[in-house]
Structures are given as structure tokens and as C-alpha cells.
Amino acid sequence: MMRALTWHGTNDVRVDTVSDPEIINPRDAIIKITSTAICGSDLHLYDGVIPGVAPGDVLGHEFMGEVVETGSASDLKKGQRVVVPFTISCGGCFHCKQQQYSACDNSNPAEKQDMSATLYGQPMAALFGYSHLTGGYSGGQAEYARVPFSDVGPIVVPDHLEDDQVLFLSDILPTGWMAAENADIQPDDTVAVWGCGPVGLFAIQSAIVMGASRVIAIDHYPNRLALAKQLGAEIIDFRETDVREALMEMSGGIGVDAVIDAVGMESHGFAIDNMFDVVKQKVGMGADRASALKQAILAVRFGGKVSIPGVYGGMTDKWPLGAMMEKGLQVRGGQTHVQKYTKPLLEKIEDGTLDTTFLISHRLPLEQAAEGYKNFKEQQNEWTKVILKPGMEN
Amino acid sequence: MSQNYKIGAGLGGVVLTAGAIAFGAFLSNRHQNRGYDDAANHTKRQPEGYNAQVGRSVTIRKPRAELFAFWSDFANLPQFMENVEAIEAGADGASTWRIKAPAGQAVAVKTEIASKKQDVLIAWRSVEDSEIETSGEVRFEDAPGKRGTRVSLMMAYDPPAGALGRAVAKLFLREPQVQARHDLKRFKMLMETGEIATSARTRDETRAAKQENG
Ligand SMILES: NC(=O)c1ccc[n+]([C@@H]2O[C@H](COP(=O)([O-])OP(=O)(O)OC[C@H]3O[C@@H](n4cnc5c(N)ncnc54)[C@H](O)[C@@H]3O)[C@@H](O)[C@H]2O)c1
Ligand SMILES: [Zn+2]
Ligand SMILES: [Zn+2]
């Protein structure tokens, strides 16, 4: 038996004792987890706005650790230290072969594919520790995890790099990087990023590395905005400033060239449409709160680029469809194709191009995971990123 | 939702024709166009509850010959057809399918090859006087570019009379489309990845284990 963070309902997660994972398929491996993080995506589960989560589900999709057992077709070796991508991908299907790993045809069990196929037209791939729409795989906020397709996903990391330095290869670093890539940044571009959570911060850092001439970060938490500033961004606090006005002025009346929505479906704010959406989400009418994205679509210039790493699950109302069409925007989103980025980004960590530790605010024992969730949700200003460590002394 | 499938129903893509739709008619209609557009016949809108022509296609990133060879050996099919317990080859190309039925029962169906074209198609049907009448066909076509092979599966099924028949009918009528889809997806997984995806954490939690332990 092992200890694991399990979901029991809205705002109710607990560390329980559950069965140990086992090798089931030949390509599986079992990982003994040394570090695992709480993600903004986990907050969507905590807040009960993602369908298809069941009581007892083990959460967590950002994790790393030591290989302790391997299936007959795994190419990992016991004792290796690996970081595991949150996307589960087979490596051999049509999508994987084009490096569209988060669209893998084969990782979501056949009987779990129908729900998302109904919602989106085709089924979603599997993710660790998320909804049953994405497979319902046990996650990594636990002592051990079963990792399918272990010959494709996990990346072996060198011993001289600390857990803290490489853990985020599992999700938020590639996610921030892909968000910037999706914004198709050109040298003279001004890029505006909504949300200075971990994803937004890594998107800002990536945009700067990719050569954006100017990056503007938007949030309402002073501490998170300070982290953005420290990376080299200019900042806007949306509680104090009219964001659209400010961006028009800052871009000399053109509008910004590219926008990145690193907020997702639980946008904060008092815009009237957002208030409606808050109510609908609370009563289970399932409208995504998209006020940040709507604002971004109005702020971007004609012919501009819209990148959406923030997660949305369903529908939304009062969509600025006219602006989207008339302005001729390019819109790109998606769950991150993590496996595509792990190797090049590991190199950028090693050579010092990317700093991955500046945003870590708290390290807790796994036993205190529930507190970690509560604070990451309620004390966002100070709690910027939480790492959980199984076995750490209380 | 998953409970439906746990009990298990049918050959992949079973079609239950509760009345008496002749299989001959089914098979000969299947590739004809009823309308003026180019869509497959089984995707035409049909009256509510009319399941006479269920079919399903997937694209598998493997050469036609390899997929054809795997399917040609019927003993392989239970690996991905969840409700087929076993298929035993008999003499002269006949084989006996043991299909899981409600309450731990199994139904045996003897089939013969109706037609076979190397790397293109395999069709089978139950022998005359079978308790259950069934027929099926799988087709293999090259997919565009390097996408591999398009595999289409069609099956038709007519239940036996009497109590067992009614029980089987009830089971199979539930969601023949769903079963077809899932079995084909599992076939694709097996061919492309060498295994069938499961999100179980322990061996006891897999669908196969749960079926076995009731
Ligand atoms: N695409 C992917 O693969 C992927 C991967 C990881 C996370 N995500 C998603 O990215 C999003 C952000 O994740 P995170 O971990 O950084 O979350 P987070 O909750 O820590 O950060 C979100 C930030 O957005 C800010 N915000 C809220 N409303 C805003 C508004 N109207 N304008 C500007 N800022 C606003 C919040 O103050 C907060 O700082 C989430 O939706 C998460 O699910 C996507
Ligand atoms: Zn994450
Ligand atoms: Zn794949």
C-alpha cells in the first residue's frame, strides 16, 4: 500500500492509503516518486469545474523519480532518474509520429474515448491524474506511479541537476515554451501574456529567449507580477489599470502583435460577462469563464496571433466571433506536446538559458498535499508553485 | 456508463436485426450508395432504432499485409474483441466462436469463410442451421500517404429464438455501435503499440480481471 493525494469532491482532496501500482502492460514502468508539483490545472479539478473526476482518483501530473520496476518491453533501467511527461503518448500512431503527442490515438482506453469524442468530435489522448475523459489514469501526487509507454515518455536526467531544476520538464516548462512558440514570435513583436502563474511565467521567459522585443505581463497579484518583472517583462495590474487602453497605448495604437492566455477557464475579474459566467459555472451550467481570452482577442492587432495554453473544457457565451474573423487572427492552443520539448529544454536548463527554480515558493511533504492545494488556491500571491516530496520530514 | 460494457456484448460491431432482415440483402446493400452523395451507406440517417447496417472504420499505421495476416488467424481476434472468449479453428476453414453471454453463459457459433481476398477482405458467416445467425466482413484499404491502412469492420447478427435468444438480444441490442467502435480501437492499439491501453493501477482492476471475477 502507498500514500497518495486523492480527490473526493469540490475543495476536498485528501492523502489516503491506496493500493500500490503494478506493471500491467509490457511497456509499463513503475516510478518511485521523489518530487511532484501542484499545477493550475489541478485547481480546475479542486474547484470542480472539470467533468469526469471520480472520488478516490489519484491526482497529479507533474512528477519525477526513480525507476523501480520495468515491463518486458520498457527500455528503462532500474535506478534511473526520470522526469515523466503529463501527456501519455504511444509514440507510434499518426499523431505521435508528427510530434503531436497530446493527440495520441492510443493512450486513452477505448471505453473511455466516447465522452470526449462526443464533446470534441474526436477523442482526447490520456493524461496522468486528470479526468476520466482523459483516461482516468492514477497520477503522480503519490509515492509510486505506473507509467505506460515508458520507452517514449520519461526522460532520463543527469545526476548533477537537482529535482527542482528538472521537475517542470513534466509540464509547465514545455507548456510555457509551446505557448510562446504558438505565438509565432518575430523579432519586433510585442507580446502580451495574461496570467503570471507558473505557465504564464514560463511563457514570458520563453518569449524573451525567442527574441520578442517586448513582453507585457498582466495579473493582479503583486508578487507574481514582480516575478514577471524580474524576468524582464513590463507589467500591468488589471485591478489598477484598464488593460485594453494600456495595451493600445503601449503598442503605439497598433495593438499587440501576439497574445498568450495563460489564465484558462477560471478567469478572475469583474467584467459583467465574467460575472454571468461565474454564476453559471457554480450552478453547473458549465460555461467556461473566458474573460481574459476575450480581452486578449480585442487587444491583439489585426492579423495578430493568439496562443491559448490556458485550459478550457466546454463552451462559452458572448464570444467575440466578429473580432476574431474580421481581424484575421491566427489562433493556436492545445495540451502541450511534452515529449517534443523535453530533450531540447533539458539542454537549455543545463546550459543556463532557462531558469526553472525562480518560481518555487513552497516545498511540502506529500502528507501535507491538501494544505498545499488550499493555499495554492487561496494565497495565490505568495504561493506561486508548490512541490510535494514523498518522505520529506514534516 | 462503463457498466454497460462490463457485462459485455457481442462480436465486434454486432448488428442485431430483431426482425428478419436477410443477411444476403444486408451484405449486398452494404457497399451501394442509397443517396446521391459519396458517404458510406452505414452513415446514412436511419429511422430511430434501425441498426441494420452498422459499420466502423479506423486508420492503422501498419501495412495492409501485416494487418490482413493478423486478422486471418481468427484465434487472434479475442485479444481485442472483448466479448469473444475464444475462436477455435476447425476443419475446412470453419471455426467456432465462443461468445460471452449474460450470467456467465457462453454461446457457441460456428462460422465459415464466405469470401477472402488476399490483403483486401475477409468475410465470414455462420453455417446453416446455426443457433445464432451472424455474418461479418473486414476490409483493408491503403490510407493516403504514409497513414497506413484503413480498416472497416461490419457485422450482422440475428439472435436465436427462445429465452436465451431474448437474453442475448437484450444484451446485443444495447449498443452494437459502441462495441464495434471499441473493439476496432483495441485492434488499432494492439497493432500500433503492441498492447491495449488500460488506466488500471493494479492488475485486479483491469477490465479483463473484473470480467473474470464477475
Ligand atoms: N495547455 C497545457 O498543456 C497546460 C498545461 C499546464 C497548465 N495549463 C493551464 O494553464 C493555466 C495556468 O496555469 P497555472 O499553473 O499558471 O495556474 P495559476 O492558477 O497558478 O495561474 C493563473 C494566473 O492567472 C491570473 N489571472 C486570473 N484571471 C486573470 C485575468 N482576467 N487577467 C489576467 N490574469 C488573470 C491569476 O491571478 C493567476 O496568477 C491553467 O488553465 C492551466 O490549466 C495548461
Ligand atoms: Zn500541470
Ligand atoms: Zn500515439
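The values are calculated or read from the model by the stated rules, or taken from the named source; none is laboratory data. Just so it is clear, the model here is predicted, and its values are computed rather than measured. With ideal geometry, Cβ positions are generated from the backbone for all residues, glycine too; neighbour counts draw on all protein chains shown. Side chains are part of the model used for accessible areas, which takes the heavy atoms of the whole protein and leaves out ligands, DNA and RNA. Shrake-Rupley method; radii C 1.70, N 1.55, O 1.52, S 1.80 Å.
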query = Counting only the backbone N, which residues of segment A:38-54 are under 20 Å from the spot 7 Å out from the Cα of A:Asp12 toward its beta-carbon?
reply = A:42-54
key: Environment charge of B:Ala91, counting only residues whose C-beta is closer than 15 Å and scoring Lys/Arg +1, Asp/Glu -1   = -2
message = Classify segment A:194-264 from the C-alpha gyration tensor, please: rounded if a/c falls under 1.5, else prolate or oblate depending on whether a/b exceeds b/c.
response = oblate
key: All lysines inside 20 Å of B:Lys146 as judged from Cα atoms, apart from same-chain residues fewer than 8 positions distant   = A:Lys97, B:Lys62, B:Lys185, B:Lys188
task = Starting from the Cα gyration tensor of segment A:1-134, take the square roots of the eigenvalues, sort them a ≥ b ≥ c, and report rounded, prolate or oblate (rounded when a/c is under 1.5, otherwise prolate if a/b is larger than b/c, else oblate).
result = oblate
key: GluC sites (Glu not before Pro) within segment A:221-262, DSSP loop, no more than 11 other Cβ atoms inside 10 Å   = A:Glu240
query = If one computes the Cα centroid of segment B:65-136 and of segment A:125-195, what distance in Å separates the two points?
reply = 44 Å
query = What total accessible area, in Å², is buried where chains A and B meet, using a 1.4 Å probe and rounding to the nearest 100?
reply = 2600 Å²
ask   = 222 nm [θ] for chain A, helices only, -39500 (n - 2.57) per DSSP H run of 4+, per residue, to 500?
value = -8000 deg cm²/dmol
ask   = Local charge sum around A:Lys340 (other residues, Cβ-Cβ under 15 Å, Lys/Arg +1, Asp/Glu -1)?
value = +1
In segment A:352-394, the GluC sites (Glu not before Pro) that fall in loop regions by DSSP, at most 16 other Cβ within 10 Å = A:Glu382, A:Glu393
request  = For segment A:173-333, build the charge dipole from Cβ charges (+1 Lys, Arg; -1 Asp, Glu) around the Cα centre, then report which of A:Val256, A:Ala192, A:Asn223 sits farthest towards its positive end.
outcome  = A:Asn223
note = A 1.4 Å probe over the protein heavy atoms gives chain A a carbon and sulfur accessible-area percentage of 51 percent
ask   = Mean separation of Cα pairs under 8 Å and 6+ residues apart, divided by the residue count of chain A: what relative contact order is that in percent?
value = 18 percent
message = Taking a ≥ b ≥ c as the square roots of the Cα gyration tensor eigenvalues, with a/c under 1.5 meaning rounded and otherwise prolate when a/b beats b/c, else oblate, which class fits chain A?
response = prolate
query = How big is the gap, in Å, between the Cα center of segment A:8-30 and the Cα center of segment A:41-72?
reply = 8 Å
request  = Please report, in debye to the nearest 20, how large the charge dipole of segment B:60-119 is about its Cα centre when each Lys and Arg carries +1 at its beta carbon and each Asp and Glu carries -1 there.
outcome  = 220 debye
ask   = Taking N as the number of residues in segment A:173-333, what value does Rg over Cα atoms divided by 2.2 N^0.38 Å take?
value = 0.96
query = So which residues of segment A:54-94 lose at least 20 Å² of accessible area, probe 1.4 Å, when you go from the chain by itself to every protein chain present?
reply = A:Gly92, A:Phe94
remark   = Computed from the beta carbon distance with a Förster radius of 30 Å, FRET efficiency for B:Thr43 and A:Ser19 to the nearest 0.05 stands at 0.10
note = With +1 at each Lys and Arg Cβ and -1 at each Asp and Glu Cβ, the charge dipole magnitude of chain A around its Cα centre, to the nearest 20 debye, comes out at 440 debye
request  = With only Lys, Arg, Asp and Glu charged, each at its Cβ (+1 for the first two, -1 for the last two), find how big the charge dipole of segment A:301-351 is about the Cα centre; round to the nearest 20 debye.
outcome  = 180 debye
message = For a 26 Å ceiling on Cα separation, which of these pairs sit above it: A:Lys77/A:Lys340; A:Lys78/A:Lys343; A:Lys229/A:Lys348; A:Lys340/A:Lys385; A:Lys112/A:Lys348?
response = A:Lys112/A:Lys348
Cα centroid separation - segment A:316-394 against segment A:96-119, whole Å = 23 Å
task = Mind checking segment A:3-93 for trypsin sites (Lys or Arg not before Pro) that DSSP puts in a loop (not H, G, I, E or B) and that have at most 15 other Cβ atoms within 10 Å?
result = A:Lys77, A:Lys78
message = What distance in nm lies between label points placed 7 Å from Cα along the C-beta direction at A:Lys229 and A:Ala117?
response = 5.2 nm
task = Give, as a single signed number, the net charge of other residues whose beta carbon lies under 14 Å from the beta carbon of B:Arg147, with Lys and Arg counted +1 and Asp and Glu -1.
result = +3
